[in-house]
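A.B. asks: Sharing a structure below in structure tokens format, with a few things to ask.
The values are calculated or read from the model by the stated rules, or taken from the named source; none is laboratory data. Computed from a predicted model, the values in this text were never measured in an experiment. Glycine gets a Cβ as well: all are built from the backbone with ideal geometry, and neighbour counts include every protein chain shown.
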Amino acid sequence: MLSLRNICAGYAGFQALFDLSLEVNAGETVAVIGPNGAGKTTLLRVISRLIEPSAGDMIMQGKALNQVPAHEVIGTGIAHVPENRRLFPRLTVEENLRMGAFTPSARAKFADRLEFVFRLFPRMRERRKQLAGTLSGGEQQMCAIGRALMSDPKLLLLDEPSAGLAPVMTQSIFEVVRKMSAEGYTVLIVEQNIRQVLRIAQRGYLLETGRIKASGTSAQLLENEEVKKAYLGI
């Protein structure tokens, strides 16, 4: 579904990604793991066209993504849940969800998509008239994921969905991602919670200082000596 080849990118004179290549196939959940500052968020922002790559090619379902303007990326089937959620705090939960369904095709399916999100996140149904800025951190993450799902995306990008959440809420968010994977959604998830994310992802890439250091199935990465020593404390 998504193919990146030899991507280089950065910002303000700083290069964050070096000759990065990866694949995301339809229907799979792929994790990008690594430490702070590795370039994980930059990677998702490049795919969303919020950062212009200085080299390399991006292909989404056989079509070049490099020249697609940022505001048209949603039309290619890519939805991005950014780091720190980025909700509209003075809008209600339902109004935030409506913002995720602004494309013509999504507007036509608004009622069905809203019901889907409410089934996935029953708490959002309870909070539908509540201002997003008054939600707990975990509820805000649910709302942010729900907003992205309103467009019925072909590929969902998740940037550190467990960041800043209590352990019980982290478990809930990962369980939702697992359910989406089981239903056939294609997900590219950036995450520092390595044990948790590799339990729900089929494959993964280890990103360090802007370069892919290892890749393989989740089981292979969990047994990788470098991963075990540096990130799992084994």
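A.B. asks: Residues of segment 14-32 being farther than 17 Å from residue 59 by Cα and touching a Phe, Trp or Tyr at 6+ places or on another chain (Cβ under 7 Å), which ones?
C.D. replies: Of everything in segment 14-32, just one residue is farther than 17 Å from residue 59 by Cα and touching a Phe, Trp or Tyr at 6+ places or on another chain (Cβ under 7 Å), namely 32.
A.B. asks: Take the residues in segment 49-65 that are assigned to a strand (DSSP E or B) and of a type in the set (A, V, I, L, M, F, W, C), then tell me which one is farthest from residue 155 (Cα to Cα). Give the derivation first.
C.D. replies: Narrowing segment 49-65 to residues assigned to a strand (DSSP E or B): 55-60, 63-64.
Restricting the remaining residues to those that are of a type in the set (A, V, I, L, M, F, W, C) gives 55, 58-60, 64.
Values: 55: 23, 58: 14, 59: 13, 60: 9, 64: 15 Å.
That would be 55.
A.B. asks: While we're on this one: Exactly one of (1) touching a residue at least 60 places away in the same chain (Cβ under 8 Å); (2) in a helix (DSSP H, G or I); (3) touching a Gly at 6+ places or on another chain (Cβ under 9 Å) is unmet by residue 79. Its number?
C.D. replies: Only one criterion is unmet by residue 79, namely (2).
A.B. asks: Next question, about the same structure. Let me spell it out: the conditions are (1) modelled with pLDDT of 95 or more; (2) of a type outside the set (D, E, K, R); (3) touching a Lys or Arg at 6+ places or on another chain (Cβ under 7 Å); (4) crowded, with 19+ Cβ neighbours inside 10 Å, and residue 9 meets all of them except one. Which number is the exception?
C.D. replies: Unmet for residue 9, out of (1) modelled with pLDDT of 95 or more; (2) of a type outside the set (D, E, K, R); (3) touching a Lys or Arg at 6+ places or on another chain (Cβ under 7 Å); (4) crowded, with 19+ Cβ neighbours inside 10 Å: (3).
A.B. asks: Now, a different point. Determine the pairs where a residue that is closer than 27 Å to residue 73 by Cβ, located within segment 157-170, has a partner that is of a type in the set (Asp, Glu) with Cβ atoms under 8 Å apart, the partner being 6 or more residues away or on another chain.
C.D. replies: So the pair list comes out as 158/191; 159/83; 160/83; 160/191; 161/191; 162/191; 163/83.
A.B. asks: Which residue is farthest from residue 79 (Cα to Cα), if the candidates are limited to segment 96-113 and must be part of a helix (DSSP H, G or I) and modelled with pLDDT under 90?
C.D. replies: Checking each candidate, the answer is 108.
A.B. asks: Same structure, new question: Quick check: is even one residue across segment 115-123 among the aromatic types (Phe, Trp, Tyr), assigned to a helix (DSSP H, G or I) and farther than 24 Å from residue 29 by Cβ? So that I can check it myself, show each step before the final result.
C.D. replies: Initially, segment 115-123 is screened for residues among the aromatic types (Phe, Trp, Tyr), giving 116, 118, 121.
Checking which are assigned to a helix (DSSP H, G or I) leaves us with 116, 118.
When the remaining residues are screened for being farther than 24 Å from residue 29 by Cβ, the result is none.
No - not one qualifying residue is present in segment 115-123.
A.B. asks: Moving to a separate point now. Is it the case that residue 102 is farther than 21 Å from residue 47 by Cβ and of a type in the set (Phe, Trp, Tyr)?
C.D. replies: Details: farther than 21 Å from residue 47 by Cβ: no; of a type in the set (Phe, Trp, Tyr): yes.
No; evaluated as a whole, the condition is false for this residue.
A.B. asks: Taking the residues in segment 27-48 that are of a type outside the set (Gly, Ala, Ser) and part of a strand (DSSP E or B) as candidates, determine which candidate is farthest from residue 190 (Cα to Cα).
C.D. replies: Applying the first criterion (of a type outside the set (Gly, Ala, Ser)) to segment 27-48 yields 28-30, 32-33, 35-36, 40-47.
Okay, now just the ones that are also part of a strand (DSSP E or B), so 29-30, 32-33.
Numbers: 29: 11, 30: 9, 32: 5, 33: 6 Å.
Only one residue fits best here, namely 29.
A.B. asks: Does at least one position in segment 15-26 carry a residue that is without any contact (Cβ under 8 Å) to a residue 40 or more places away in the chain, in a helix (DSSP H, G or I) and either touching a strand residue (DSSP E or B) at 6+ places or on another chain (Cβ under 7 Å) or surrounded by fewer than 13 Cβ atoms within 10 Å (Cβ to Cβ) (or both)?
C.D. replies: no
A.B. asks: Taking the condition of being closer than 22 Å to residue 79 by Cα and either among the acidic types (Asp, Glu) or in contact (Cβ under 8 Å) with a residue 60 or more places away in the chain (or both), how many residues in segment 123-140 meet it?
C.D. replies: 1
Residue-wise test of (1) small (Gly, Ala, Ser); (2) modelled with pLDDT of 95 or more; (3) under 20 Å from residue 17 (Cβ atoms).
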residue	(1), (2), (3)
166	yes, no, no
175	no, no, no
193	no, no, no
198	no, no, no
203	no, yes, yes
208	no, no, yes
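A.B. asks: Another question, if that's okay. Of everything in segment 27-54 that's of a type outside the set (Asp, Glu) and surrounded by fewer than 18 Cβ atoms within 10 Å (Cβ to Cβ), which residue is nearest to residue 196 (Cα to Cα)? Steps first, answer last, please.
C.D. replies: Initial filter on segment 27-54 (of a type outside the set (Asp, Glu)): 27, 29-51, 53-54.
Now narrow it down to the ones that are surrounded by fewer than 18 Cβ atoms within 10 Å (Cβ to Cβ): 27, 35-37, 50, 54.
Details: 27: 19, 35: 15, 36: 17, 37: 20, 50: 28, 54: 33 Å.
Across segment 27-54, the extreme among qualifying residues is 35.
A.B. asks: Ok, one more. With the checklist (1) under 26 Å from residue 180 (Cα atoms); (2) in contact (Cβ under 8 Å) with a residue 60 or more places away in the chain in hand, flag the one item residue 46 doesn't pass.
C.D. replies: So the condition that residue 46 fails would be (2).
A.B. asks: Could I ask something else about it? Select from segment 103-117 the residues that are without any contact (Cβ under 8 Å) to a residue 12 or more places away in the chain and hydrophobic (A, V, I, L, M, F, W, C) and write down the one among them that is surrounded by the fewest Cβ atoms within 10 Å (Cβ to Cβ).
C.D. replies: Within segment 103-117, the match that is surrounded by the fewest Cβ atoms within 10 Å (Cβ to Cβ) is 111.
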